Amino acid sequence: MVNKNTKDLLLEQLALRISVLRIKNDVSARRMSRELSFSAGYMSKIESQKFMPSMDSLVRIIDYLGVTPQEFFNFNVEEPGLICEINNMLRTLDRESLLLIYQFASKITGANRANESQT
């Protein structure tokens, strides 16, 4: 039996993730519902946490949003599509190039952490 709190938390995270990615794709909930052949208010019901999509519907939604299931369920990543593209590019680089990018990324993230600690 599924813990009600677990189900509610999952619905909350799904709703937020779908909403964020839908907005990043510059599409309305109504348009997305229509283009996925759902009822007009289907996406709005999910985003307002009134309805849990079926597995089939969730797969269609994820595909529509242009992300992989892994990217979709990584709730801490705001730009999953961009990260996937960067990852694909990195796979083509030699070790020396990867080390340069690693050093650059380390400096950027180190600078971001320093700025966050000052605020």
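The values are calculated or read from the model by the stated rules, or taken from the named source; none is laboratory data. Quick caveat, the model's predicted, so the values are computed rather than measured. So basically every Cβ, Gly included, is an ideal-geometry build from the backbone, and we count neighbours across all protein chains shown.
Which residue, of 62, 23, is in contact with a helix residue (DSSP H, G or I) (Cβ under 8 Å, 6 or more places away or on another chain) and either at negative phi or not assigned by TED's automatic domain parsing to the domain that holds residue 85 (or both)?
62
Looking at (1) modelled with pLDDT of 90 or more; (2) of a type in the set (Phe, Trp, Tyr); (3) within 17 Å of the chain's Cα centre (by Cα), find the lone condition where residue 75 falls short.
Among (1) modelled with pLDDT of 90 or more; (2) of a type in the set (Phe, Trp, Tyr); (3) within 17 Å of the chain's Cα centre (by Cα), the lone unmet condition for residue 75 is (1).
Give me the pairs, please: first residue somewhere in region 72-91 and at negative phi, second residue anywhere and surrounded by 12 or more Cβ atoms within 10 Å (Cβ to Cβ) and of a type in the set (Gly, Ala, Ser), beta-carbon distance under 8 Å, and either six or more positions apart or on two chains.
81/66
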